[in-house]
Amino acid sequence: MSPIPTALRLVPAVAVAALTLLPAGYVLTGVLADGDTARLLWRPRVGELLTNTVLLVVLGTAACVTVGTLAAWAVERTTLRGRPLWTALMVAPLAVPAFVNSFGWYSLSPSFAGLGAAVLVTTLSYYPLVYLPVAAMLRGLDPALEEQSRILGNTTWPTFGRIVLPQLRPAMSGGALLVALHLLAEFGALQALRFDTFTTAIYDQYQSTFNGAAATALAGVLVLLCLLVLGCELGLTGRARLARVGSGAARRALPHRLGHTAPVAYGGLVLLAAGALGVPLGCIAFWLLTSTSTAFPADELLRTVSTSIVLALLGAAVTTTLALPVAWLSIRRPGRVSRLVERSTYLGNSLPGIVVALALITIAVRYLPSLYQSTAMLLTAYAVLFMPRAMVSLRAALRQTPPEFDDVARSLGVRPVAVLLRVTLPLIARGVGAGSALVFLAVITELTSTLLLAPIGTRTLATQFWSSSTSINYGQAAPYALLMILVSAPAAYLLTRRSRMAES
Amino acid sequence: MRTTRHTLLALAVTTAIGLTACGADDTPASSAAPSTAALVLYNAQHEEVGQAWADAFTAKTGIKVEVRNGSDFELANQIIAEGAASPADVFITENSPAMALVSSKDLFAPVDAATKAQVPAEYSSSKGDWVGVAARSTVFVYNSTQVTDAQLPQSIMDLAKPEWKGRFGISPSGADFQAIVSAVYAVQGDAAAAAWLQGVKDNAKIYRGNSTIMKAANAGEVPGGVIYHYYWYGDQADGGAGSSNTKLKFFGNKDAGAFLSVSGGGVLKSSKHPAEAQRFLAYMSGPEGQKLLADSDALEYSVGTGVAANPKLKPLAELDIPPVDLNTLNGPKVIEEMQRVGLL
């Protein structure tokens, strides 16, 4: 394995990385062009924003990792009854847009605000991003190591801490990275919670007449924070080999007996489901029932649903395809170059949608006017925004696949392209499916880029929900929120199926 | 066996996606294909308002109008990023600062004289490059069980006094409240306004969005708040779940708090159909377009001469608004002042 990848393999990966770096480049040019950056950044308000953003990212990510890992362990590795139901319930919050969840909680009480509220709502919305990879990994673990540990005298918790947790590290840190990036760029969910971060402040600056420069300066700080997060994740992942080496198939692990802790496990999971699903669904039901503007215009709803689904399918296909060469390079040809290429694809996700959209507008209008406001342009924006969702899933799948299979196929005379199609892809099909489903879910709720970059006249569930809820017709908005959840449900279900296939 | 199955599955998925891809590319392309003179409206007004104007104009003239929806700041920044290549012909907003932003980059064409004559000068750009098409009034929303009529502030300036500490909400991050602050600077002068702003920073509870403030007042979380009128009327018309415990106070008396925020409309310099675009703007700000607005359930004020506002609203003539130059609203000074006291 050479540390320097061959040019042919490097080119597509570098091209993808360059594409996802466009928004960060746009921010950098803006900062360099404006001489006033120091004054705009050296203010007490920026210190306040920095504290808030860092607190939210650290606490939110820690909460998601804790909740996601514990829930995954309880569902996958204990004698809990009704496992399929719990699996579905634990993943289902992915189908509920974070801003709908936030509206739901907020309407319980207007005093629901501040850091605590922000951490609670974002944790309930994003813990499945940790739950999913951890649950998948728990199913794939060979129980032999744990059994050895037990034989050597360790009880349940030391075994969990010394043997299971280290093996879960890549899954936990991959999930944590996704959560942290989402929190950096989160706007919709924080809007009503009176908690300001860099991203909310950037939106505020764009609303002020003369303040493009201040917005770019703040976005510059956001890019730096993202680099910091990426660095931390690199340190946490570790480089241990995770693919099995032994011959034969791994047995299924024996479930841990819950015993007297059963009520705690059931109670915790019920609370989690109630908070993440019950509250937002209850809120939608309330709007549907109390509002006089509630209407179900069948034609309009049908057209909007199909546009949303087609865009989300295309977005998922494009994003996952683009992520593949980068993920492959970073796992199969590790080294400084491939790591740099892989890391750079995460930057777009940490920037607010408005910054990404304005960057693409500026570039497209100048250099690709024929593509401007075309479907292709919108799909490019989705790829830039959601690449990490596909990347994390693909990388996890590649890491669990022994590279020897590829080598064996090559030694049997199969050409590299055929190896990819006949060996590698089928082996990582689960990761491809999971990544695509995650991107699909993100596209369904994407708002800013869709508004600015879609072909004129395009209406998606998210744009219609936004349009109705800004003119405060909550009854009119509710059907769109409900449809977003229904359309997302199959993708969320697919994610649970994907992880169950590992058992068979 | 497993491998074959997976490959087949992958193939099937790819084909299905490919097929939908073709289907998808057809739909937006056909709707985006410019016919002889299809106008493009960048609509930051409420979607129903912009769409209603576009549909009625097409019915009357046969000129097609395609609508892109977004918020004031999104679309204004988009137009600036697009520059001379903007596909937009006409731009309408919720508040005038977004118009002033585009105007400051010299991207609007002058408005036809006949169109300007349809709207009173105080509701239009002093540069003559956009006109008012609708308006919303500043109001004080209050919980009627917590605040008696006698306790109400008589001027928006009263909110800086100690008795209002922690007792009202504002949404300083929104363009709405920023426009109100600029009105205070315009009406009261710099010194008085700066002292007031500091008082407001010390006294106010910070919310994001007008409807959030209204619901908080309704729930008794805060006794009152500064918002625009139509949030309240809109909620009342929609069942009143967020406003049934509240009432509105209009400041009047040419008080800065009686500020009327104007929604503007303008024709882009880069428009490829300037004649049709001017005609569309004339229609929206003219008697027919204004009547359409007044009769709709948008509950915004019509501003065209000779068209009465929606009868559910307090008449425009009774609002007794302060005189303000709309093109200077929300200027760099106000933003710097709000940054200085720490509201932004």
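A few comments on the model shown:
- The range B:173-215 shape via C-alpha gyration tensor axes, a/c threshold 1.5: oblate
- Selected from B:Ser124, B:Ser296, B:Ser271 as most flexible by GNM, with chain B as the system and alpha-carbon contacts under 10 Å: B:Ser296
- 10 Å Cβ neighbours from other chains, averaged over peptide B:77-85: 6
- Working note: 222 nm ellipticity from helices only, DSSP H runs with n ≥ 4, each -39,500 (n - 2.57), summed and divided by the residues of chain B, gives -13500 deg cm²/dmol to the nearest 500.
- Pairwise FRET efficiency - B:Ser244 versus B:Glu48, Cβ, R0 = 25 Å, nearest 0.05: 0.55
- Distance between the pseudo-spin-label points of A:Asp142 and B:Lys254 (7 Å out from Cα toward the beta carbon): 8.7 nm.
- Under the Karplus curve 6.51 cos²θ - 1.76 cosθ + 1.60, θ = phi - 60°, whole-Hz ³J(HN,Hα) for the range A:390-395, x wherever Gly or Pro sits: 6, 4, 4, 5, 5, 5
- Using alpha-carbon coordinates, inclination of helix B:72-82 to the longest axis of chain B, degrees: 50 degrees
- Among the listed pairs B:Lys201/B:Lys314; B:Lys105/B:Lys254; B:Lys161/B:Lys312; B:Lys249/B:Lys314, those beyond 21 Å (Cα-Cα): B:Lys201/B:Lys314; B:Lys105/B:Lys254; B:Lys161/B:Lys312
- Length released on extending from A:Leu234 to A:Ser306, taking residue separation times 0.36 nm less the Cα-Cα span: 22.0 nm
- Derived scalar couplings ³J(HN,Hα) [the range B:50-60; Karplus, 6.51 cos²θ - 1.76 cosθ + 1.60; whole Hz; x for Gly, Pro]: x, 5, 4, 4, 4, 5, 5, 5, 5, 4, 7
- Simple rule: put +1 on each Lys or Arg Cβ and -1 on each Asp or Glu Cβ in the protein assembly as shown, find the dipole, and look at A:Thr458, B:Ala317, A:Ala396; the Cα lying farthest toward the positive end is A:Ala396.
- In plain terms, the residue of A:Trp287, A:Trp42 with the fewest other Cβ atoms within 10 Å comes first and the most crowded comes last, giving A:Trp42, A:Trp287.
- Whole-Hz Karplus values for the range A:452-462 come out as 8, 10, 5, x, 4, x, 5, 10, 10, 4, 5 Hz, taken residue by residue from phi with 6.51 cos²θ - 1.76 cosθ + 1.60 and θ = phi - 60°; glycine and proline positions read x.
- Amide H partners (placed H, <5 Å) of B:Ser263, local residues excluded: B:Val133, B:Ala134, B:Ala135, B:Arg136
- In nm, spacing of pseudo-spin labels at A:Leu258 and B:Thr305 (7 Å Cα→C-beta vector): 7.7 nm
- Estimated FRET transfer efficiency when R0 is 51 angstrom, pair A:Ala33-A:Ala62 (beta carbons, to 0.05): 0.85
- Think of chain A as a dipole: +1 on every Lys or Arg Cβ, -1 on every Asp or Glu Cβ, centred on the Cα centre; then among A:Ala265, A:Ala213, A:Gly161, A:Gly161 lies furthest on the positive end.
- 10 Å Cβ neighbours from other chains, averaged over peptide A:451-461: 5
- Only Lys, Arg (+1) and Asp, Glu (-1) charged, at Cβ; the protein assembly as shown dipole about Cα centre in debye: 3840 debye
- Burial ordering of A:Phe112, B:Phe251, B:Phe177, fewest other beta-carbon atoms within 10 Å first: A:Phe112, B:Phe177, B:Phe251
- Computed magnitude of the charge dipole of chain A (debye, nearest 20; Cβ of K, R +1, Cβ of D, E -1): 1540 debye
- FRET efficiency, 1/(1 + (r/R0)^6) with R0 25 Å, evaluated for A:Leu288 and A:Leu494 via beta carbons: 0.35
- Pairwise label distance in nanometres, A:Ala418 with B:Asp202, each label 7 Å out on the Cα-Cβ vector: 8.2 nm
- Leading residue at positive end of dipole, the protein assembly as shown (Cβ point charges), from B:Leu159, B:Ala54, A:Ala189: A:Ala189
- A cut-off of 5 Å between modelled amide H atoms, ignoring neighbours fewer than 5 places along the same chain, links B:Leu39 with B:Lys64, B:Val65, B:Glu66.
- Charging the Cβ of each Asp and Glu at -1 and of each Lys and Arg at +1, and nothing else, the dipole of the range A:400-487 about its Cα centre rounds to 180 debye.
- More than 30 Å apart - percent of Cα-Cα pairs taken over chain B: 42 percent
- 10 Å Cβ neighbours from other chains, averaged over peptide B:224-234: 1
Values quoted throughout were computed directly from the atomic coordinates according to the rules given, and no laboratory measurement underlies them. Computed from a predicted model, the values in this text were never measured in an experiment. Glycine gets a Cβ as well: all are built from the backbone with ideal geometry, and neighbour counts include every protein chain shown.
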